[in-house]
1. When the helices in the chain are scored as -39500 (n - 2.57) per DSSP H run of 4 or longer and the sum is shared across all residues, what 222 nm value do you end up with, to the nearest 500 deg cm²/dmol?
2. Going by a ≥ b ≥ c, the root eigenvalues of the Cα gyration tensor, does region 1-58 fall in the rounded group (a/c under 1.5), the prolate group (a/b larger than b/c) or the oblate group?
3. Quick one: what are the phi-derived ³J(HN,Hα) couplings along region 468-482, Karplus 6.51/-1.76/1.60 with θ = phi - 60°, whole Hz, x for glycine and proline?
4. Determine the percent antiparallel among the DSSP beta bridges restricted to region 1-155, to the nearest 5.
5. Taking the Cα atoms only, what angle lies between the long axis of helix 350-361 and the longest principal axis of the chain, rounded to 10 degrees?
6. Just need the relative contact order of region 127-360 here, percent rounded to a whole number, with Cα pairs under 8 Å and 6+ apart.
7. Taking the Cα centre of region 363-489 as origin, sum charge times position over the Cβ atoms of Lys and Arg (+1) and Asp and Glu (-1), and report the length of that vector in debye to the nearest 20.
8. How much solvent-accessible surface does T328 expose, in Å² to the nearest 10, with a 1.4 Å probe and all protein chains in place?
Amino acid sequence: MMIDVKEFYARASTTLRQAMETINASGMQMLLLVDAQDRFERTVTDGDLRRLLLNGAEMGDTLAQLPPLASITAPDGISRKAALAVMDQHEINHLPLIDADGRIVRVLNRRDIGTPILLSTPHMGEAELHFVEEAFRTNWIAPLGPNVDAFEREVADLVGVGHAAALSSGTAAIHLAVRMLGVKPGDRVFCSTLTFAASANPIVYEGGEPVFIDSEPGSWNMSPVALERAFDAAQAESWMPRAVIVVNLYGQSADMDALVEICDRHGVPVIEDAAESLGARYKGKPSGIFGRMGIFSFNGNKIITTSGGGMLVSDDEDLIKQARFLATQARDPAPHYQHSQIGFNYRMSNILAGVGRGQLQVLGDRVEARRGVFEAYRDGLADIPGLEWMPEPDWSYSTRWLSALTIDPAVAGISANQVIARLAEEMIEARPVWKPMHQQPVFAGCRHFAHGNTSVADQIFDAGLCMPSGSNMSPAEIARIIDVMRGILKGR
Ligand SMILES: *Cc1c(COP(=O)(O)O)cnc(C)c1O
(Lines give C-alpha, C1' and ligand atoms only; values in the text may rest on other atoms or scores of the structure.)
Protein backbone atom coordinates (compact mmCIF):
# COMPACT_ATOMS: atom_id res chain seq x y z
CA MET A 1 0.00 0.00 0.00
CA MET A 2 1.28 3.45 -0.87
CA ILE A 3 1.70 5.95 1.93
CA ASP A 4 0.79 9.52 0.96
CA VAL A 5 4.00 11.12 2.13
CA LYS A 6 2.63 14.68 2.40
CA GLU A 7 0.52 13.62 5.38
CA PHE A 8 3.72 13.04 7.31
CA TYR A 9 5.53 16.23 6.44
CA ALA A 10 6.71 18.41 9.29
CA ARG A 11 8.46 21.76 9.03
CA ALA A 12 10.75 23.80 11.21
CA SER A 13 7.63 25.77 12.26
CA THR A 14 5.71 22.65 13.37
CA THR A 15 5.22 22.53 17.15
CA LEU A 16 6.09 19.50 19.27
CA ARG A 17 2.39 19.12 20.08
CA GLN A 18 1.38 19.04 16.41
CA ALA A 19 4.21 16.61 15.67
CA MET A 20 3.13 14.28 18.47
CA GLU A 21 -0.50 14.38 17.38
CA THR A 22 0.42 13.48 13.81
CA ILE A 23 2.65 10.62 14.87
CA ASN A 24 -0.07 9.42 17.25
CA ALA A 25 -2.65 9.35 14.48
CA SER A 26 -0.41 7.67 11.92
CA GLY A 27 0.82 4.16 11.62
CA MET A 28 4.25 5.29 10.55
CA GLN A 29 5.87 6.11 13.91
CA MET A 30 7.77 9.03 12.39
CA LEU A 31 7.54 12.33 10.54
CA LEU A 32 9.47 13.65 7.60
CA LEU A 33 11.02 17.05 8.21
CA VAL A 34 11.15 19.06 4.96
CA ASP A 35 12.27 22.59 4.13
CA ALA A 36 10.23 25.34 2.45
CA GLN A 37 10.82 23.74 -0.97
CA ASP A 38 9.68 20.35 0.38
CA ARG A 39 13.24 19.01 0.27
CA PHE A 40 13.92 16.25 2.77
CA GLU A 41 15.96 17.20 5.84
CA ARG A 42 15.62 14.39 8.36
CA THR A 43 13.19 12.00 9.98
CA VAL A 44 11.57 12.82 13.33
CA THR A 45 10.65 9.96 15.66
CA ASP A 46 8.86 9.73 19.00
CA GLY A 47 12.27 9.37 20.60
CA ASP A 48 13.52 12.61 19.03
CA LEU A 49 10.54 14.49 20.51
CA ARG A 50 10.98 12.83 23.92
CA ARG A 51 14.62 13.90 24.03
CA LEU A 52 13.68 17.50 23.20
CA LEU A 53 11.18 17.52 26.08
CA LEU A 54 13.68 15.98 28.49
CA ASN A 55 16.12 18.73 27.52
CA GLY A 56 13.57 21.31 28.64
CA ALA A 57 11.63 22.06 25.46
CA GLU A 58 7.91 22.90 25.78
CA MET A 59 5.02 21.42 23.80
CA GLY A 60 4.53 24.76 22.05
CA ASP A 61 8.17 24.97 20.89
CA THR A 62 8.96 24.17 17.25
CA LEU A 63 11.03 21.51 15.58
CA ALA A 64 13.57 24.19 14.62
CA GLN A 65 15.55 23.13 17.70
CA LEU A 66 16.15 19.61 16.35
CA PRO A 67 19.79 19.01 15.56
CA PRO A 68 20.64 18.06 11.95
CA LEU A 69 20.73 14.32 11.36
CA ALA A 70 21.85 12.19 8.43
CA SER A 71 18.72 10.05 8.19
CA ILE A 72 18.71 6.74 6.35
CA THR A 73 17.20 7.20 2.89
CA ALA A 74 17.59 5.58 -0.48
CA PRO A 75 17.40 6.87 -4.03
CA ASP A 76 14.07 6.44 -5.80
CA GLY A 77 14.30 3.40 -8.05
CA ILE A 78 16.13 1.22 -5.53
CA SER A 79 15.03 -2.40 -5.85
CA ARG A 80 12.94 -3.98 -3.13
CA LYS A 81 15.68 -6.42 -2.30
CA ALA A 82 18.24 -3.64 -1.87
CA ALA A 83 15.75 -1.55 0.14
CA LEU A 84 15.13 -4.47 2.51
CA ALA A 85 18.87 -4.91 2.93
CA VAL A 86 19.17 -1.23 3.94
CA MET A 87 16.29 -1.61 6.42
CA ASP A 88 17.85 -4.77 7.88
CA GLN A 89 21.24 -3.13 8.20
CA HIS A 90 19.85 -0.13 10.08
CA GLU A 91 17.06 -2.01 11.87
CA ILE A 92 14.36 0.33 10.56
CA ASN A 93 10.89 -0.39 9.20
CA HIS A 94 10.41 2.69 6.99
CA LEU A 95 12.70 3.94 4.27
CA PRO A 96 12.13 7.32 2.52
CA LEU A 97 13.00 7.29 -1.18
CA ILE A 98 14.44 10.58 -2.41
CA ASP A 99 14.50 11.89 -5.98
CA ALA A 100 17.28 13.84 -7.68
CA ASP A 101 15.86 17.15 -6.37
CA GLY A 102 16.00 15.96 -2.78
CA ARG A 103 12.24 15.45 -2.46
CA ILE A 104 10.56 12.41 -1.00
CA VAL A 105 8.87 10.24 -3.61
CA ARG A 106 7.51 7.69 -1.18
CA VAL A 107 8.27 5.81 1.98
CA LEU A 108 8.74 2.07 1.80
CA ASN A 109 7.17 0.12 4.64
CA ARG A 110 8.77 -3.20 5.51
CA ARG A 111 5.36 -4.74 6.15
CA ASP A 112 4.25 -3.96 2.59
CA ILE A 113 7.39 -4.87 0.70
CA GLY A 114 8.78 -7.73 2.77
CA THR A 115 6.67 -10.50 1.22
CA PRO A 116 7.83 -11.94 -2.08
CA ILE A 117 5.40 -12.86 -4.86
CA LEU A 118 6.00 -16.50 -5.70
CA LEU A 119 5.52 -18.39 -8.95
CA SER A 120 2.63 -20.64 -7.93
CA THR A 121 1.55 -21.40 -4.39
CA PRO A 122 -1.14 -23.66 -2.87
CA HIS A 123 -4.59 -22.06 -2.69
CA MET A 124 -6.94 -23.80 -0.31
CA GLY A 125 -10.73 -23.62 -0.50
CA GLU A 126 -13.39 -24.00 2.18
CA ALA A 127 -14.09 -27.72 2.14
CA GLU A 128 -10.66 -29.34 2.52
CA LEU A 129 -10.65 -29.21 6.33
CA HIS A 130 -14.10 -30.76 6.48
CA PHE A 131 -12.91 -33.86 4.62
CA VAL A 132 -9.68 -34.02 6.63
CA GLU A 133 -11.59 -33.69 9.91
CA GLU A 134 -13.91 -36.46 8.84
CA ALA A 135 -10.88 -38.65 8.26
CA PHE A 136 -9.64 -37.84 11.79
CA ARG A 137 -13.06 -38.37 13.36
CA THR A 138 -13.43 -41.79 11.79
CA ASN A 139 -9.73 -42.61 12.34
CA TRP A 140 -9.15 -43.25 8.64
CA ILE A 141 -5.59 -41.99 8.92
CA ALA A 142 -4.00 -44.90 7.10
CA PRO A 143 -3.39 -44.98 3.39
CA LEU A 144 -6.63 -45.78 1.58
CA GLY A 145 -10.11 -45.16 2.97
CA PRO A 146 -13.35 -43.47 1.96
CA ASN A 147 -11.76 -40.17 0.87
CA VAL A 148 -9.47 -42.05 -1.50
CA ASP A 149 -12.35 -43.97 -3.06
CA ALA A 150 -14.45 -40.81 -3.36
CA PHE A 151 -11.57 -38.73 -4.75
CA GLU A 152 -10.91 -41.34 -7.43
CA ARG A 153 -14.57 -41.41 -8.43
CA GLU A 154 -14.86 -37.62 -8.40
CA VAL A 155 -11.80 -37.10 -10.60
CA ALA A 156 -12.94 -39.83 -12.99
CA ASP A 157 -16.40 -38.26 -13.24
CA LEU A 158 -14.98 -34.77 -13.67
CA VAL A 159 -12.85 -35.69 -16.67
CA GLY A 160 -15.26 -38.29 -17.99
CA VAL A 161 -13.10 -41.40 -17.75
CA GLY A 162 -14.02 -44.84 -16.50
CA HIS A 163 -11.49 -45.39 -13.73
CA ALA A 164 -8.88 -43.65 -11.61
CA ALA A 165 -6.22 -44.66 -9.07
CA ALA A 166 -5.07 -42.10 -6.49
CA LEU A 167 -1.32 -42.28 -6.00
CA SER A 168 1.46 -40.65 -4.02
CA SER A 169 2.60 -38.47 -6.94
CA GLY A 170 2.22 -37.76 -10.61
CA THR A 171 5.65 -39.30 -11.10
CA ALA A 172 4.42 -42.54 -9.49
CA ALA A 173 1.46 -42.50 -11.90
CA ILE A 174 3.78 -42.18 -14.92
CA HIS A 175 6.01 -44.89 -13.52
CA LEU A 176 3.14 -47.36 -13.15
CA ALA A 177 1.85 -46.48 -16.63
CA VAL A 178 5.30 -47.07 -18.16
CA ARG A 179 5.66 -50.34 -16.29
CA MET A 180 2.20 -51.62 -17.19
CA LEU A 181 2.88 -50.93 -20.86
CA GLY A 182 5.76 -53.35 -20.53
CA VAL A 183 8.75 -51.05 -20.92
CA LYS A 184 11.84 -53.18 -20.35
CA PRO A 185 15.59 -52.57 -20.48
CA GLY A 186 16.57 -51.52 -23.99
CA ASP A 187 13.04 -50.43 -24.97
CA ARG A 188 12.67 -46.95 -26.35
CA VAL A 189 9.89 -44.55 -25.37
CA PHE A 190 9.07 -41.30 -27.16
CA CYS A 191 8.56 -38.33 -24.85
CA SER A 192 7.99 -34.59 -25.27
CA THR A 193 11.31 -32.80 -24.82
CA LEU A 194 9.88 -29.54 -23.49
CA THR A 195 8.77 -30.73 -20.06
CA PHE A 196 9.74 -31.33 -16.46
CA ALA A 197 12.14 -34.23 -15.85
CA ALA A 198 9.42 -36.26 -14.09
CA SER A 199 7.81 -36.96 -17.49
CA ALA A 200 10.89 -38.87 -18.67
CA ASN A 201 12.55 -40.25 -15.53
CA PRO A 202 10.15 -43.20 -15.14
CA ILE A 203 11.26 -44.51 -18.55
CA VAL A 204 14.74 -44.86 -17.08
CA TYR A 205 13.39 -46.42 -13.84
CA GLU A 206 12.38 -49.37 -16.04
CA GLY A 207 15.66 -49.43 -17.94
CA GLY A 208 14.14 -47.86 -21.05
CA GLU A 209 15.68 -45.23 -23.24
CA PRO A 210 13.87 -41.93 -23.82
CA VAL A 211 13.77 -40.51 -27.34
CA PHE A 212 12.78 -36.86 -27.23
CA ILE A 213 10.26 -35.23 -29.55
CA ASP A 214 10.31 -31.51 -30.30
CA SER A 215 7.51 -28.97 -29.81
CA GLU A 216 5.43 -27.27 -32.47
CA PRO A 217 5.38 -23.46 -32.38
CA GLY A 218 1.55 -23.25 -32.36
CA SER A 219 0.99 -24.96 -29.00
CA TRP A 220 4.51 -25.43 -27.59
CA ASN A 221 3.53 -29.09 -27.22
CA MET A 222 4.67 -32.24 -29.04
CA SER A 223 4.94 -31.63 -32.77
CA PRO A 224 3.05 -34.16 -34.93
CA VAL A 225 5.66 -33.47 -37.62
CA ALA A 226 8.54 -34.36 -35.32
CA LEU A 227 6.64 -37.42 -34.07
CA GLU A 228 6.17 -38.66 -37.66
CA ARG A 229 9.88 -38.17 -38.26
CA ALA A 230 10.72 -40.21 -35.20
CA PHE A 231 8.39 -43.05 -36.27
CA ASP A 232 9.87 -42.93 -39.80
CA ALA A 233 13.37 -43.25 -38.37
CA ALA A 234 12.29 -46.09 -36.09
CA GLN A 235 10.66 -47.94 -38.97
CA ALA A 236 13.72 -47.49 -41.17
CA GLU A 237 15.86 -48.92 -38.37
CA SER A 238 13.39 -51.74 -37.64
CA TRP A 239 12.33 -50.86 -34.12
CA MET A 240 9.24 -49.37 -32.52
CA PRO A 241 8.90 -47.41 -29.30
CA ARG A 242 7.04 -49.20 -26.51
CA ALA A 243 5.00 -46.08 -25.69
CA VAL A 244 4.68 -42.35 -26.34
CA ILE A 245 4.47 -39.89 -23.45
CA VAL A 246 2.69 -36.72 -24.57
CA VAL A 247 2.95 -33.74 -22.19
CA ASN A 248 0.39 -30.92 -21.90
CA LEU A 249 2.58 -27.94 -21.14
CA TYR A 250 1.65 -25.18 -18.66
CA GLY A 251 -2.01 -26.18 -18.66
CA GLN A 252 -2.47 -26.50 -22.41
CA SER A 253 -3.43 -29.70 -24.17
CA ALA A 254 -1.25 -30.99 -26.98
CA ASP A 255 -2.89 -31.59 -30.37
CA MET A 256 -4.09 -35.01 -29.20
CA ASP A 257 -6.12 -36.04 -32.28
CA ALA A 258 -3.13 -35.61 -34.57
CA LEU A 259 -0.70 -37.27 -32.15
CA VAL A 260 -2.98 -40.19 -31.21
CA GLU A 261 -3.74 -40.85 -34.90
CA ILE A 262 -0.02 -41.24 -35.64
CA CYS A 263 0.50 -43.51 -32.63
CA ASP A 264 -2.58 -45.61 -33.46
CA ARG A 265 -1.31 -46.09 -37.00
CA HIS A 266 1.86 -47.58 -35.54
CA GLY A 267 0.03 -49.48 -32.82
CA VAL A 268 1.88 -47.68 -30.02
CA PRO A 269 -0.02 -46.66 -26.83
CA VAL A 270 -0.05 -43.08 -25.54
CA ILE A 271 0.44 -41.94 -21.94
CA GLU A 272 -0.97 -38.44 -21.56
CA ASP A 273 1.04 -36.48 -19.00
CA ALA A 274 -1.68 -34.06 -17.92
CA ALA A 275 0.12 -33.18 -14.66
CA GLU A 276 -0.19 -29.49 -15.52
CA SER A 277 -3.51 -29.54 -17.39
CA LEU A 278 -6.24 -30.73 -15.03
CA GLY A 279 -9.23 -28.54 -15.88
CA ALA A 280 -8.07 -27.79 -19.44
CA ARG A 281 -10.02 -28.86 -22.51
CA TYR A 282 -9.09 -30.14 -25.96
CA LYS A 283 -11.78 -29.63 -28.61
CA GLY A 284 -14.24 -29.18 -25.75
CA LYS A 285 -13.31 -32.40 -23.94
CA PRO A 286 -11.41 -32.56 -20.63
CA SER A 287 -7.65 -32.90 -20.86
CA GLY A 288 -6.07 -36.14 -19.70
CA ILE A 289 -8.37 -38.73 -21.30
CA PHE A 290 -6.97 -39.03 -24.81
CA GLY A 291 -4.30 -41.67 -24.30
CA ARG A 292 -4.41 -45.27 -23.15
CA MET A 293 -3.73 -43.80 -19.72
CA GLY A 294 -3.57 -40.24 -18.40
CA ILE A 295 -1.91 -38.85 -15.32
CA PHE A 296 -2.56 -35.83 -13.10
CA SER A 297 -0.38 -34.29 -10.38
CA PHE A 298 -1.48 -32.69 -7.12
CA ASN A 299 1.96 -31.42 -6.19
CA GLY A 300 2.06 -28.20 -4.16
CA ASN A 301 2.68 -25.94 -7.16
CA LYS A 302 0.00 -27.43 -9.43
CA ILE A 303 -3.41 -25.92 -10.16
CA ILE A 304 -4.97 -27.87 -7.29
CA THR A 305 -2.96 -29.73 -4.72
CA THR A 306 -3.01 -32.41 -2.04
CA SER A 307 0.43 -31.10 -0.98
CA GLY A 308 1.72 -34.12 -2.86
CA GLY A 309 -0.15 -36.68 -4.92
CA GLY A 310 -1.13 -37.93 -8.32
CA MET A 311 -3.81 -39.82 -10.23
CA LEU A 312 -3.72 -42.40 -12.98
CA VAL A 313 -6.83 -42.51 -15.17
CA SER A 314 -7.99 -44.86 -17.90
CA ASP A 315 -11.09 -46.33 -19.46
CA ASP A 316 -9.43 -49.73 -19.09
CA GLU A 317 -10.54 -51.04 -15.69
CA ASP A 318 -7.96 -53.82 -15.70
CA LEU A 319 -5.12 -51.32 -16.00
CA ILE A 320 -6.38 -49.26 -13.07
CA LYS A 321 -6.92 -52.39 -10.95
CA GLN A 322 -3.40 -53.50 -11.79
CA ALA A 323 -2.09 -50.03 -10.89
CA ARG A 324 -3.76 -50.20 -7.46
CA PHE A 325 -2.26 -53.66 -6.96
CA LEU A 326 1.26 -52.58 -7.93
CA ALA A 327 0.92 -49.42 -5.83
CA THR A 328 0.14 -51.41 -2.66
CA GLN A 329 3.27 -53.60 -2.70
CA ALA A 330 1.82 -56.10 -5.19
CA ARG A 331 0.38 -58.35 -2.52
CA ASP A 332 -1.19 -61.45 -4.00
CA PRO A 333 -4.73 -62.21 -2.78
CA ALA A 334 -3.60 -64.66 -0.10
CA PRO A 335 -3.85 -64.46 3.71
CA HIS A 336 -0.09 -64.95 4.06
CA TYR A 337 2.16 -62.27 2.57
CA GLN A 338 2.78 -63.60 -0.89
CA HIS A 339 4.26 -61.70 -3.82
CA SER A 340 4.72 -62.81 -7.40
CA GLN A 341 5.67 -59.37 -8.68
CA ILE A 342 7.79 -56.47 -7.50
CA GLY A 343 5.48 -53.83 -6.07
CA PHE A 344 5.63 -50.24 -4.90
CA ASN A 345 4.30 -48.16 -2.05
CA TYR A 346 2.61 -45.56 -4.21
CA ARG A 347 -0.90 -45.08 -2.80
CA MET A 348 -2.37 -41.78 -1.66
CA SER A 349 -3.32 -41.42 2.01
CA ASN A 350 -6.92 -40.92 3.09
CA ILE A 351 -5.98 -37.57 4.69
CA LEU A 352 -4.49 -36.16 1.51
CA ALA A 353 -7.36 -37.45 -0.59
CA GLY A 354 -9.58 -35.36 1.71
CA VAL A 355 -7.58 -32.28 0.78
CA GLY A 356 -7.97 -33.28 -2.87
CA ARG A 357 -11.76 -33.61 -2.60
CA GLY A 358 -11.99 -30.08 -1.22
CA GLN A 359 -9.66 -28.74 -3.90
CA LEU A 360 -11.65 -30.42 -6.65
CA GLN A 361 -14.69 -28.34 -5.66
CA VAL A 362 -12.83 -25.14 -6.53
CA LEU A 363 -10.98 -26.34 -9.64
CA GLY A 364 -13.22 -24.30 -11.96
CA ASP A 365 -12.55 -21.13 -9.94
CA ARG A 366 -8.83 -21.79 -9.98
CA VAL A 367 -8.79 -22.22 -13.75
CA GLU A 368 -10.71 -18.98 -14.24
CA ALA A 369 -8.43 -17.12 -11.86
CA ARG A 370 -5.26 -18.33 -13.62
CA ARG A 371 -6.69 -17.43 -17.01
CA GLY A 372 -7.52 -14.04 -15.54
CA VAL A 373 -3.91 -13.57 -14.42
CA PHE A 374 -2.71 -14.39 -17.93
CA GLU A 375 -5.16 -11.96 -19.52
CA ALA A 376 -4.15 -9.20 -17.11
CA TYR A 377 -0.50 -9.63 -18.11
CA ARG A 378 -1.27 -9.77 -21.82
CA ASP A 379 -3.53 -6.70 -21.70
CA GLY A 380 -1.30 -4.76 -19.33
CA LEU A 381 1.77 -5.28 -21.52
CA ALA A 382 0.02 -5.25 -24.92
CA ASP A 383 1.81 -2.12 -26.15
CA ILE A 384 5.29 -3.40 -25.37
CA PRO A 385 7.11 -4.74 -28.44
CA GLY A 386 9.04 -7.99 -28.49
CA LEU A 387 6.76 -10.06 -26.25
CA GLU A 388 5.01 -13.17 -27.50
CA TRP A 389 2.62 -14.96 -25.18
CA MET A 390 2.26 -18.74 -25.27
CA PRO A 391 -0.27 -19.26 -28.05
CA GLU A 392 -3.63 -20.93 -27.45
CA PRO A 393 -4.86 -22.72 -30.60
CA ASP A 394 -8.61 -22.74 -31.44
CA TRP A 395 -8.95 -26.26 -30.13
CA SER A 396 -7.41 -25.45 -26.78
CA TYR A 397 -8.86 -24.16 -23.54
CA SER A 398 -5.74 -23.83 -21.39
CA THR A 399 -5.76 -23.51 -17.61
CA ARG A 400 -2.77 -21.15 -18.00
CA TRP A 401 -1.27 -23.02 -15.06
CA LEU A 402 1.74 -20.83 -15.67
CA SER A 403 1.59 -17.63 -17.72
CA ALA A 404 4.44 -18.11 -20.18
CA LEU A 405 5.90 -15.87 -22.85
CA THR A 406 8.98 -15.40 -24.97
CA ILE A 407 10.93 -12.16 -25.25
CA ASP A 408 12.83 -11.22 -28.38
CA PRO A 409 15.88 -9.40 -27.00
CA ALA A 410 16.58 -7.75 -30.39
CA VAL A 411 13.21 -5.97 -30.13
CA ALA A 412 12.69 -5.65 -26.39
CA GLY A 413 16.30 -4.67 -25.68
CA ILE A 414 16.49 -7.15 -22.80
CA SER A 415 16.58 -10.93 -22.58
CA ALA A 416 14.17 -13.20 -20.71
CA ASN A 417 16.89 -14.18 -18.25
CA GLN A 418 17.72 -10.54 -17.56
CA VAL A 419 14.03 -9.88 -16.93
CA ILE A 420 13.91 -12.82 -14.50
CA ALA A 421 16.91 -11.40 -12.63
CA ARG A 422 15.38 -7.92 -12.49
CA LEU A 423 12.05 -9.30 -11.23
CA ALA A 424 13.95 -11.21 -8.53
CA GLU A 425 15.44 -7.89 -7.38
CA GLU A 426 11.85 -6.73 -6.88
CA MET A 427 11.08 -9.95 -5.00
CA ILE A 428 8.91 -11.26 -7.82
CA GLU A 429 9.60 -14.88 -8.70
CA ALA A 430 9.64 -15.68 -12.41
CA ARG A 431 11.30 -18.78 -13.86
CA PRO A 432 12.77 -19.89 -17.16
CA VAL A 433 10.71 -22.25 -19.30
CA TRP A 434 11.54 -25.94 -18.64
CA LYS A 435 14.99 -26.78 -19.96
CA PRO A 436 14.38 -29.29 -22.76
CA MET A 437 15.15 -32.88 -21.83
CA HIS A 438 17.51 -33.40 -24.79
CA GLN A 439 19.69 -30.62 -23.33
CA GLN A 440 19.83 -32.20 -19.87
CA PRO A 441 23.19 -33.65 -18.81
CA VAL A 442 21.42 -36.70 -17.42
CA PHE A 443 19.91 -37.45 -20.84
CA ALA A 444 23.04 -36.69 -22.87
CA GLY A 445 23.23 -39.14 -25.73
CA CYS A 446 19.46 -39.59 -26.01
CA ARG A 447 18.09 -38.93 -29.46
CA HIS A 448 15.99 -35.91 -30.33
CA PHE A 449 13.70 -35.37 -33.31
CA ALA A 450 13.17 -31.72 -34.25
CA HIS A 451 10.06 -30.08 -35.70
CA GLY A 452 12.03 -28.36 -38.47
CA ASN A 453 15.67 -27.75 -39.22
CA THR A 454 16.19 -26.46 -35.72
CA SER A 455 14.62 -27.28 -32.38
CA VAL A 456 11.52 -25.27 -31.52
CA ALA A 457 11.85 -26.30 -27.86
CA ASP A 458 15.38 -24.84 -27.77
CA GLN A 459 14.11 -21.53 -29.11
CA ILE A 460 11.30 -21.40 -26.55
CA PHE A 461 13.77 -22.27 -23.79
CA ASP A 462 16.24 -19.59 -24.88
CA ALA A 463 13.64 -16.80 -25.01
CA GLY A 464 10.99 -17.99 -22.55
CA LEU A 465 9.92 -17.21 -19.04
CA CYS A 466 7.05 -18.06 -16.71
CA MET A 467 5.45 -15.26 -14.73
CA PRO A 468 3.96 -15.60 -11.23
CA SER A 469 0.65 -17.31 -11.87
CA GLY A 470 -0.96 -18.23 -8.56
CA SER A 471 -4.75 -18.12 -8.40
CA ASN A 472 -4.40 -16.51 -4.96
CA MET A 473 -2.56 -13.38 -6.10
CA SER A 474 -4.42 -10.16 -5.27
CA PRO A 475 -5.35 -7.62 -7.97
CA ALA A 476 -2.85 -5.24 -6.31
CA GLU A 477 -0.07 -7.82 -6.64
CA ILE A 478 -0.89 -8.46 -10.29
CA ALA A 479 -0.95 -4.70 -10.92
CA ARG A 480 2.43 -4.32 -9.23
CA ILE A 481 3.97 -7.11 -11.32
CA ILE A 482 2.70 -5.43 -14.51
CA ASP A 483 4.01 -2.09 -13.33
CA VAL A 484 7.44 -3.52 -12.54
CA MET A 485 7.50 -5.38 -15.87
CA ARG A 486 6.66 -2.20 -17.74
CA GLY A 487 9.49 -0.43 -15.97
CA ILE A 488 11.98 -3.19 -16.78
CA LEU A 489 10.90 -3.46 -20.42
CA LYS A 490 10.94 0.28 -20.96
CA GLY A 491 14.50 0.43 -19.67
CA ARG A 492 13.66 2.31 -16.52
C1 LIG B 1 4.63 -31.86 -11.85
C2 LIG B 1 4.84 -32.67 -13.06
C3 LIG B 1 5.04 -34.05 -13.01
C4 LIG B 1 5.25 -34.79 -11.73
O5 LIG B 1 4.22 -34.73 -10.82
P6 LIG B 1 4.56 -34.95 -9.26
O7 LIG B 1 3.22 -35.08 -8.64
O8 LIG B 1 5.31 -33.75 -8.81
O9 LIG B 1 5.37 -36.19 -9.14
C10 LIG B 1 5.12 -34.75 -14.19
N11 LIG B 1 5.04 -34.13 -15.37
C12 LIG B 1 4.88 -32.81 -15.47
C13 LIG B 1 4.77 -32.19 -16.81
C14 LIG B 1 4.79 -32.02 -14.32
O15 LIG B 1 4.67 -30.70 -14.41
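The values are calculated or read from the model by the stated rules, or taken from the named source; none is laboratory data. All figures in this text were calculated on a predicted structure; none of them were measured in a lab. Note that we place each Cβ from the backbone using ideal geometry, even for glycine, and neighbour counts take in every protein chain shown. Each accessible area value is taken on the protein alone, full model and side chains, heavy atoms only, with ligands, DNA and RNA left out. Shrake-Rupley method; radii C 1.70, N 1.55, O 1.52, S 1.80 Å.
1. Numbers: 17 runs with 175 residues, N = 492.
Using -39500 (n - 2.57) per qualifying helix, the result is -10500 deg cm²/dmol.
2. Values: a/c = 2.13, a/b = 1.37, b/c = 1.56.
Cα axes put region 1-58 in the oblate bin.
3. Ordered by residue, 3J(HN,Hα) equals x, 9, x, 6, 9, 6, 7, x, 5, 5, 4, 4, 5, 4, 5 Hz.
4. On the way: 12 of 16 bridges.
Around 75 percent antiparallel, to the nearest 5.
5. Rounded to the nearest ten degrees, it is 70.
6. On the way: 536 pairs, mean separation 68.1, N = 234.
Normalised by residue count, the contact order of region 127-360 is 29 percent.
7. Values: 11 positive and 16 negative charges, 75 e Å.
The dipole magnitude comes to about 360 debye.
8. We get 50 Å² for T328.
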